[in-house]
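The values are calculated or read from the model by the stated rules, or taken from the named source; none is laboratory data. The structure presented is a predicted model; accordingly, all values stated were derived computationally and were not measured. Glycine gets a Cβ as well: all are built from the backbone with ideal geometry, and neighbour counts include every protein chain shown. Side chains included, ligands, DNA and RNA excluded: accessible areas come from the protein's heavy atoms. Shrake-Rupley method; radii C 1.70, N 1.55, O 1.52, S 1.80 Å.
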There are 2 protein chains.
Amino acid sequence: MDARLTLTEKEIPTKWYSVMPDLPFALPPLTSPRTGYALSPVELGDLFPEAIVEQELNNRSREFSIPDEVQEIYKMWRPTPLNRARRFEEILETPARIFFKYEGVSPAGGHELNTAVAQAYYCKEQGVRRMSTGTGAGEWGIALALACKFFGLECRVYMARSSYDMRPYGRTMMELCGATVFPSPSRETVTGRKFLEKEPDSPGSLGLAISEAIEDARMYEDTKYSIGTVLNHVLLHQTIIGLEAKRQIEKANTYPDIIIGCVGGGSNFAGLAMPFLRDRFGGRKIRFRAAEPSSVPTLTKGRYTYDYADAEGLTPMFKMHTLGHGFVPPEIQAGSMRYHGMSPLVSALYEQKVIEAVAYPQLSALESAVQFLNCEGILAGPESAYAIKAVVDEALECRATGAKKTILFALASHGYFDLSTYDAFLAGRLKDHLYSEEEVERALAALPEAFSGQ
Amino acid sequence: MDARLTLTEKEIPTKWYSVMPDLPFALPPLTSPRTGYALSPVELGDLFPEAIVEQELNNRSREFSIPDEVQEIYKMWRPTPLNRARRFEEILETPARIFFKYEGVSPAGGHELNTAVAQAYYCKEQGVRRMSTGTGAGEWGIALALACKFFGLECRVYMARSSYDMRPYGRTMMELCGATVFPSPSRETVTGRKFLEKEPDSPGSLGLAISEAIEDARMYEDTKYSIGTVLNHVLLHQTIIGLEAKRQIEKANTYPDIIIGCVGGGSNFAGLAMPFLRDRFGGRKIRFRAAEPSSVPTLTKGRYTYDYADAEGLTPMFKMHTLGHGFVPPEIQAGSMRYHGMSPLVSALYEQKVIEAVAYPQLSALESAVQFLNCEGILAGPESAYAIKAVVDEALECRATGAKKTILFALASHGYFDLSTYDAFLAGRLKDHLYSEEEVERALAALPEAFSGQ
């Protein structure tokens, strides 16, 4: 068996798969905070192009064709490799077989480009000229900047000022791709100016950057908003990961006993898991395990209720696990996991006990990532470090029991844009933070009554 | 035809190819500055393990088997993709077909790992416990650190202090791989201490870092030295690039009319070119073009003469194109090209008019790299930017003449460890430097008489 399981171009899936029609439960709809009712396509069309609205709200179709133009661009880096981590298995002395699906080979350095390209394509098709978005650590912004460049669209990125200042290379990559990057809060929007008046030196936050990007999209006729995770259409585009992985792992004549991924907003985890979830709902025995930081324990400690996706409350409301949209996550460095909410689908799967979740302190996660680097030669993005830690635990469990499990995990991105995090880790400047129960209670208490889900 | 030409694991070459026996001219030997005669294996064994000495001095063998253990590790990222740059062709409106062999998918981010793994393996086989090396920008140091980690060896890297301070993430990567990194000049060696006494704040240089690493290897019984370019055995290991590329491009039913690569020490260029050079010597029509920075114009302006490979004169002497080992290259940022010398083989090929060379100012090179990023989604290392600029010129020439040439170029590394360079470029902080003729004359005048090559 080859160490790297590849596919030919002809074997790249040409349709995304949606698990919605196969769910044994109903997913609560997005709702309008204005009406209290399920969101209409028209309301969502305010933010997104029609094709995206259709993908977001259509829960009857199992398959969505990937447009030819998107397939063409996917071929620049897809199929991504599915590798066996033999040296990692050896050092863990585990009888388990560990496979990982590696999205870090994408030009943007991670899985985000899978959806960015699709979203930019649909905007282009509809005559949209500009896209706006918010980004935390910058990975998502890089993906959208590149996708916009591929389709000749302008790209406006709002980036939390703390990241803008402290992690300049994410901004550099976006600008090299022709995007305009604003430190958020900015002077571009009413929301931004309001924050700047209150606090001229505000470090900003991802939630606030999202608010500004939404306002930006609503301000200009020719502009649509784009989000890199949480929403159904984003998860749909990411199923290319799991569809490829399934074909690849079949070539190895095996099938995963457990699938592991990190969750920030949930898209890379769901992208890998969904095609296998279908088998699970069909009766096949397979476990799913999501790993998150214990400083932002959205799944394991958050409440399952309706909440906004941004800090200002400009978005529709999502039934999801949330720490409250007013929650300010501690500066744990793994930037794109500093988010109060979670994909409604992933949240529901957890609530229905279809998937498991576990939270780890960051130091143990980064330690596992360094161990993985030393075996497999790949520096994982700090987000995926949590997945690696979960893999280590599962592999050690197999060592104890002698179980020869097949573990498949999502390695969603490389860590080269995040060397400052690893540098701080090596120098002992990182600490383990605990989330504050009081702060979460306060943020949850501030949720609108009508949507408290109680 | 697939956009990405891949090979199966079975198709990965199992032997390196040496062009030496096929050369229509004799390559001048390395010489001992002590005796003035060709260097003996014993003298070289002082620095390198026996297998490397054999590969360095053996100019009769056409093939060298790649050890199984090295093949196993190669499979972690090899075969590397050979891609067609269709979008780049379109934007250049050229009838030429542009292919690139991309080594940036290696865990170390570039081609250097091909030789680092081999060198670490041979050291391990001979019972060596530690390896020492010098690095400029850090890419080579990362490769050796990782290779040492794979084989359980200690790794000691001397890194020019200016890079150590200004480009900390190269150091971070090396340390994550378990290497010990010293800013050079350091207190570890006599040479380092001598320099520190003269100039406590010395920024160091690659040449000096090499001197310190050599002294380090000579100081300790269990330590061998390692170099990442210039020498024959390094070029030999890099032929895996060209051997794969040849098989891949045959699958596209074409053959290159011209092969282009950047040259710092010459290893990535020679690694791609050598297997095709064999065809050229067999009568096939094919051009080879090396691109270098006009601020360090080793091939195009240097003298073809015997010189040292390091700043202090601790190495054997090489007949090569050199700006003089005392030449201090301007701070042009593209770090690993800041080197006074050039591979003896590449130098001889140029002297014999088998290959062409061209020098570009850095701003035009980086501009081409950004254009390539915007089309193909890959940010090239600043070194490979010179190759891309040469490709642009060739493609535009084809546009003018209508010639449907097939261009193949080496994309030796990604640029993610070098975002500071691109950041400075975007911000307009980079300038075009010209080399100083007077300084080169001064450096060349300081060469030992007996080896002036006059």
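If A:Lys251 meets every condition in (1) within 18 Å of A:Ser162 (Cβ to Cβ); (2) open to solvent by 60 Å² or more (accessible area, probe 1.4 Å) apart from one, which number is that one?
Condition not satisfied by A:Lys251: (1).
Quick check on my filter: what residues within segment A:70-87 are assigned to a helix (DSSP H, G or I) and under 23 Å from A:Glu125 (Cα atoms)?
A:Val70, A:Gln71, A:Glu72, A:Ile73, A:Tyr74 - these are the residues of segment A:70-87 that are assigned to a helix (DSSP H, G or I) and under 23 Å from A:Glu125 (Cα atoms).
So if I check each of B:Tyr350, B:Tyr360, B:Tyr339, B:Tyr304, which one is hydroxyl-bearing (Ser, Thr, Tyr), away from chain A (no Cβ under 14 Å), within 26 Å of B:Ser184 (Cβ to Cβ) and touching a residue at least 12 places away in the same chain (Cβ under 8 Å)?
B:Tyr339
For the structure I just gave you, tell me whether A:Val128 is within 14 Å of chain B (Cβ to nearest Cβ) and of a type in the set (Val, Ile, Thr).
Taking the combined requirement at face value, the residue does not satisfy it.
Please count how many residues of segment B:422-435 are within 16 Å of B:Glu292 (Cβ to Cβ) and either of a type outside the set (D, E, K, R) or within 14 Å of chain A (Cβ to nearest Cβ) (or both).
3
I'd like to check something: does segment B:225-238 contain any residue that is away from chain A (no Cβ under 14 Å) and assigned to a strand (DSSP E or B)?
Checked segment B:225-238: at least one residue is away from chain A (no Cβ under 14 Å) and assigned to a strand (DSSP E or B).
Under 8 Å by Cβ, and 6 or more places apart or on different chains, what pairs join a residue from segment A:3-22 that is farther than 18 Å from A:Leu231 by Cα and modelled with pLDDT of 95 or more with one that is open to solvent by less than 30 Å² (accessible area, probe 1.4 Å) and part of a loop (DSSP other than H, G, I, E, B)?
Pairs that qualify, where the first residue is farther than 18 Å from A:Leu231 by Cα and modelled with pLDDT of 95 or more and the partner is open to solvent by less than 30 Å² (accessible area, probe 1.4 Å) and part of a loop (DSSP other than H, G, I, E, B), are A:Pro13/A:Ile66; A:Thr14/A:Ile66; A:Lys15/A:Ile66.
Determine, yes or no, whether B:Val370 is within 14 Å of chain A (Cβ to nearest Cβ), in a helix (DSSP H, G or I) and within 30 Å of B:Phe88 (Cβ to Cβ).
In short, yes.
For A:Gly178, only one of the following conditions fails: (1) part of a helix (DSSP H, G or I); (2) open to solvent by 30 Å² or more (accessible area, probe 1.4 Å); (3) closer than 19 Å to B:Gly377 by Cβ. What is its number?
The number of the failed condition is (1).
Select from segment A:4-47 the residues that are small (Gly, Ala, Ser) and surrounded by fewer than 17 Cβ atoms within 10 Å (Cβ to Cβ) and write down the one among them that is farthest from B:Thr8 (Cα to Cα).
Of everything passing the filter in segment A:4-47, A:Gly36 is farthest from B:Thr8 (Cα to Cα).
Kindly establish whether A:Ala412 is away from chain B (no Cβ under 14 Å) and in contact with an Asp or Glu (Cβ under 8 Å, 6 or more places away or on another chain).
yes
Would you check which residues across segment A:300-318 are open to solvent by 30 Å² or more (accessible area, probe 1.4 Å), touching a Leu at 6+ places or on another chain (Cβ under 8 Å) and farther than 15 Å from A:Ala446 by Cα and list them?
Across segment A:300-318, the qualifying residue is only A:Lys301.
Taking interchain pairs and intrachain pairs at least six residues apart, which have beta carbon atoms under 9 angstrom, with the first residue in segment B:175-187 and touching a residue at least 40 places away in the same chain (Cβ under 8 Å) and under 12 Å from B:Gly134 (Cβ atoms) and the second open to solvent by less than 50 Å² (accessible area, probe 1.4 Å) and in a loop (DSSP other than H, G, I, E, B)?
B:Val181/B:Gly138; B:Ser184/B:Ser202; B:Ser184/B:Gly204; B:Ser184/B:Ser205
If B:Gly381 passes every condition in (1) open to solvent by less than 40 Å² (accessible area, probe 1.4 Å); (2) within 14 Å of chain A (Cβ to nearest Cβ); (3) out of contact with any strand residue (DSSP E or B) (no Cβ under 8 Å at 6 or more places or on another chain) but one, which one does it miss?
B:Gly381 satisfies every listed condition except (3).
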